[in-house]
Amino acid sequence: MSKKRGPIDFPLFITILILLSIGVVMVFSASMVEDYKIYNDTYYHLKKQILWAFLGIFAMMFMANFDYRKLRNKKILVFGMLITIALLIIVLFMPARKGATRWIGIGGASIQPSELAKMMLIIYLSDNIVRKGEKIKSFTKGVLPVLIIASFFALLIILEPNMSTTVIIMAVAFSLLFVGGAKIQQLAGIVLLGVAVAAVGIIIEPYRMRRLTGFIDPFKDPLDTGYQAIQSLYALGSGGLFGMGLGQSRQKWHYIPEAQNDFIFSIICEELGYIGALFVIILFVVLVWRGLKIAVTSRDKFGTLVAAGITSLMAVQSSINFLVVASFMPVTGVPLPLISYGGSSLVFTMALLGILLNISRYTVKNGVE
Amino acid sequence: MSSNQKTNMLVKKRVVYMLLIILAVQFVIMLRYAWVQIVWSPQLQKWAVEQWTNDTKIDAKRGKILDRNGSPLAVSGNVERVDAFMKDINEAVKNKKITKEEIAEKLSPIIGMTKEAILKKLNKRLPNGLPLSSVTIIRRIEKEQGNKIRELKLPGIVITEDTKRYYPNGNFLAHVLGNTNIDGDGRAGIELQYNEELKGTPGRFMGETDAYHREMPYSMANYVAPKNGNDIVLTIDQSIQYFVEKQLERGLVEYKAKQISAIVMDPKTGEILAMANKPDYDPNNPVTGDVSESIKKWRNRAVNDVFEPGSVLKVITAAAAIEENIVSDEDRFVCHGSKKVADRIIHCWKRTGHGTQNFAQILQNSCNVGFMELGERLGKEKLYKYWNLFGFGKKTNIDFPGEENGIIRPIERVNKVELVNQAFGQGISVTMIQYLTALAAVANDGKMMQPHLLKQVLYTDENGNTSIVKEYKPKVLKQVMSAESARKLRAILETVVSVGAGKKAYLEGYHVGGKTGTAQKVINGVYANGKYISSFASMAPCSNPEFVIILSIDEPDPSNYYSGSTAAPLTKQIIEDIFRYRNIPPDATANKEAVREVVIPEIRGLTVEEANKILRNNKLNFETQGNGSIIYDVSPTPGVTVRENTKITLYLGMDKNKNEKVAVPNFTGMTKKEINELAKSLGIKVSYLGDGIGVSQSLQPGTEIDKSTEIEIILEQPED
């Protein structure tokens, strides 16, 4: 293997920075009203987001310069996995926020172990699949162990509870299996099983059922289950084609609570219209395209898998967020990567993208064997 | 290709598949956003705007209704209203701070609504299932209640100003004023007629507000301050209205009437000075018990109902006769108690007949035969010409809702019998306001004025400066007769009061003109037995009338229903009160014309001091002859009718005359009750034949009789 590194994938880098900038501006626009009311400081979230953005850029630059192949180092993998599992367990004993224990407070900030879990899972499973080689085509020796590891993470996360991250983790694991070469028939079986499990989960938990019906017809219960969906639709609708103008959102005036978080895209749609929304969606398409291009051109399978894993994570998170905002999916709390006010999740996302950038420096194009 | 390369190929293929899948999903997302943001957008935007827009109506303060001198008759007081803003309540409920049940429970005792009723309002939804942004819990609660609710600090429960209509004088002028509904809009009377003026323009706050109903800073908030309603100044004079209502109340009780109404108008301007009906209602509580029964009580019968005027209409027939010059002072009308018209015998109310009379006398006596003659002389074309001129069968267009037209038979269907009937006031129905407007034209030298209740519209701005928005200028409608004819007719009407059937409205020192009218009520097309309408139409001072009055009693007690003894004395009291109120001194020239007669009372056997008191009360002067302390005899004899202020002679002695002869008084025109009283005071016996008022007696007035002699008096039901 060559030690020679090429330049990072510039279009990806630019896309990331544009998305990050849009995020900072929109976090400010979406949060200012509530910030003024709650903290008496219009810039409360803006200041924090800028800080997180710089931390994120630092994490990204660090990872972009950190040879991704070193991630396969056994010490890193084992230590990383153990830390992740420990944190996932510790977090369950943390004081709950909004009925869930997802955060571990460290000083003034707080981190979500599930974010670390996503990162570690991508790295660990990619390494695992590469090691399996042709065995991946076997169900018991290939697919099942991968699923068990992912499910173990998922189980810990579901206990928080954090349904959406659970789903995302399983989706990423599935993507890795898919890219890693698992048999389509087996994967199809897993999908069917997943659907069945989801159905049972929905039936045994009445609040999930309500969420589902709320999604099908949000106007049926506009004050409770349908409230967020309706408010989001109002934002999209009033944005129309060209939007109400930057800063002109009405829905952020407490109609959409904490608009800087999971529903920030509603505010983007409202202020910047369909044009603005399309621009952001396309940026994500570009991000996916560059990410998968890096995966394809990566010179080793580990690079391919990690790149595909990171890209699929971005794709799954952004797609779920878009679908929820447009009321095409039941409401679940998934932030829009790079845009939503993030804190630690932004840093982890940036770190992952840093890894992706690092992989882009070792593509076929960039170097000679 | 090595297996490693093969694997790599598969992996790369899979990545491409993944890209395609993700692109497909993103494409669906783009379409979905296009659908929501372009196709669905107008609808969503509309809903969103509804959500942001707080369009609050700010009620204007309803204007006052004042009498012509500025006394308040209807005012709007400040009260409060309670509204519930659902977003705040739902949020509080969601955060488990309070339940809707608890809110309802806390409000219930303060506002006196059941918990269930409040809950029902809190759970109200729009027809499309969306929740209301706000709902009104209750309106018009007292400030005290509002403050109690404020102290509870309930989420989303907002207390704001509201207005309530107060009628400070209760029933006073109720039918004219009308009343308002729950929204503060007029629904009867002046409140309805001038609702637009009174209600003002509601203000509006239209602005974008956040989810907590606070204004958002973007667009200019559209605040339109409410413009308070204008004040309505009525032509009604509170004092005159009071005089009228007092007499109507008295009459309602005294004559056991079903209902009683009166209007006082200034004939020179058409201004209504008073208008009242009894029984009435309290507009502060317009609905008590049954709603439709309550609404019936709101009827201003003086404008909204028709009645058969009977003999008061003879004034207009007489006006036509004078104006058409078909009658002269030399004309003589002979009444034998009936007249044959076509093939019908039509009786005069006095079956025994009025004998030979001149034109003035047929009005004084209200002789039907005389008026049949006038009707025949006029013919139906001319009679109808005057009906039309005086406005019968047509609305007067007084500024009051629900005026009736009155009923006159189409001229082509009027035959000879109906012609003469109409000439003396039968077979035609008018409203009181219609009749009074016609009478006012006679009073105003033939100029008919537009009757009206509105005097001014005032506006008081925020700084308390009052300006006149509108002022009603008296409007001459038409000249219905010459001033000369009108003056001639008024002179005759004055004699109706001084010597005729309207005697009981005679007021010493004043020129009062008037006409009685007692009509049998028509119920379902036939004259109802024992049911009468007794009316008295009058004007004063007759030479230059300042006011005209119509007073009408519906179904007075059949034992005493004659207009001259019911409606006339009530009217007299009203006129007297008005004269006193207006400081109009008695007119000396009126005294000369006054033909007020008194019967010399029995004072024999009394001391001079005792007699002095009685005579003074009877307005008689006296001189004494002889010495002694006891009145021995009187000249003329007790029972003789003399003019007021006649000087009689008292012969004094030590004892009274053993010869106790008295003169038979003239009982004509007296009611049974009055005859009884007079007979008793003179100590003579009377017996009656028939019922009603005295028309003839067995012994001629002036005949000297012994006290034991019984006099038979024939009574007749006057239906003039």
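Figures for the structure shown
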quantity	calculated
Which listed residue, of B:37, B:51, B:26, B:45, is within 7 Å of another protein chain (Cβ to nearest Cβ) and in contact (Cβ under 8 Å) with a residue 60 or more places away in the chain	B:51
Tally of residues being within 17 Å of the chain's Cα centre (by Cα) and in a loop (DSSP other than H, G, I, E, B) across region B:519-550	0
Among (1) part of a helix (DSSP H, G or I); (2) modelled with pLDDT of 85 or more, the one test that residue A:66 misses	(1)
Condition check for residue B:671: of a type in the set (S, T, N, Q), touching a residue at least 24 places away in the same chain (Cβ under 8 Å) and surrounded by 19 or more Cβ atoms within 10 Å (Cβ to Cβ)	yes
In region A:257-282, the residues that are crowded, with 22+ Cβ neighbours inside 10 Å, in contact (Cβ under 8 Å) with a residue 60 or more places away in the chain and within 11 Å of chain B (Cβ to nearest Cβ)	A:265, A:268, A:280
Segments classed as strands (runs of 3 or more DSSP E), wholly inside region B:251-336, with at least 1 members that are of a type in the set (A, V, I, L, M), farther than 25 Å from residue B:475 by Cα and out of contact with any Phe, Trp or Tyr (no Cβ under 9 Å at 6 or more places or on another chain)	B:259-266, B:333-335
Any hit, region B:466-476, residues being buried (at least 16 other Cβ atoms within 10 Å of the Cβ) and on the phi < 0 side of the Ramachandran plot	yes
Test: residue B:442 is aliphatic (A, V, I, L, M) and crowded, with 18+ Cβ neighbours inside 10 Å	yes
Inter-residue pairs, beta-carbon under 6 Å, first exposed (fewer than 13 other Cβ atoms within 10 Å of the Cβ) and in region A:64-85, second hydrophobic (A, V, I, L, M, F, W, C), 6+ apart	none
All helices (runs of 4 or more DSSP H) inside region A:167-251 with 1 or more residues being more than 30 Å from residue B:52 (Cβ to Cβ) and away from chain B (no Cβ under 13 Å)	A:184-204, A:206-216
Residue in region B:54-74 that is more than 13 Å from chain A (Cβ to nearest Cβ), of a type in the set (S, T, N, Q), under 26 Å from residue B:184 (Cβ atoms) and not in a loop (DSSP other than H, G, I, E, B) present	yes
Test: residue in region B:492-512 that is touching an Asp or Glu at 6+ places or on another chain (Cβ under 9 Å) and in a strand (DSSP E or B)	no
Filtered residues of region B:132-145 (kept if touching a strand residue (DSSP E or B) at 6+ places or on another chain (Cβ under 7 Å) and either closer than 16 Å to residue B:118 by Cβ or among the basic types (Lys, Arg) (or both))	B:132, B:134, B:135, B:136, B:137, B:138, B:139, B:140, B:141, B:143
Filter result (within 27 Å of the chain's Cα centre (by Cα) and charged (D, E, K, R)) within region B:485-518	B:490, B:494, B:503, B:504, B:515
Single match in A:285, A:306, A:316 (criterion: facing chain B (nearest Cβ under 7 Å), β-branched (Val, Ile, Thr) and closer than 30 Å to residue B:10 by Cβ)	A:285
Check on residue B:442, assigned to a strand (DSSP E or B), touching a Pro at 6+ places or on another chain (Cβ under 9 Å) and not basic (Lys, Arg)	no
Qualifying strands (runs of 3 or more DSSP E) (wholly inside region B:615-686; at least 3 residues being closer than 30 Å to residue B:716 by Cα)	B:641-643
Scan of region A:292-327 for residues that are under 15 Å from residue A:364 (Cα atoms) and assigned to a loop (DSSP other than H, G, I, E, B), ordered by number	A:299, A:300
Considering residues of region B:36-87 that are within 30 Å of residue A:274 (Cβ to Cβ) and small (Gly, Ala, Ser) only, the residue farthest from the chain's Cα centre (by Cα)	B:41
Yes/no for residue B:694 being within 42 Å of the chain's Cα centre (by Cα) and closer than 30 Å to residue B:498 by Cβ	yes
Number of the condition not met by residue A:330 [criteria: (1) assigned to a loop (DSSP other than H, G, I, E, B); (2) surrounded by 24 or more Cβ atoms within 10 Å (Cβ to Cβ); (3) touching a Lys or Arg at 6+ places or on another chain (Cβ under 8 Å)]	(2)
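One line per residue, one yes/no per condition, for (1) out of contact with any strand residue (DSSP E or B) (no Cβ under 9 Å at 6 or more places or on another chain); (2) of a type in the set (A, V, I, L, M); (3) within 16 Å of residue B:265 (Cβ to Cβ); (4) surrounded by fewer than 16 Cβ atoms within 10 Å (Cβ to Cβ):
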{"position": "B:501", "(1), (2), (3), (4)": "no, yes, no, no"}
{"position": "B:517", "(1), (2), (3), (4)": "no, no, no, no"}
{"position": "B:520", "(1), (2), (3), (4)": "no, no, no, no"}
{"position": "B:534", "(1), (2), (3), (4)": "no, no, no, no"}
{"position": "B:558", "(1), (2), (3), (4)": "no, no, no, yes"}
{"position": "B:566", "(1), (2), (3), (4)": "no, no, no, no"}
{"position": "B:578", "(1), (2), (3), (4)": "no, yes, yes, no"}
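The values are calculated or read from the model by the stated rules, or taken from the named source; none is laboratory data. A quick note: this is a predicted structure, and the numbers were derived from the prediction, not measured. Please note: Cβ atoms are built from the backbone with ideal geometry, for glycine as well, and neighbour counts cover all protein chains shown.
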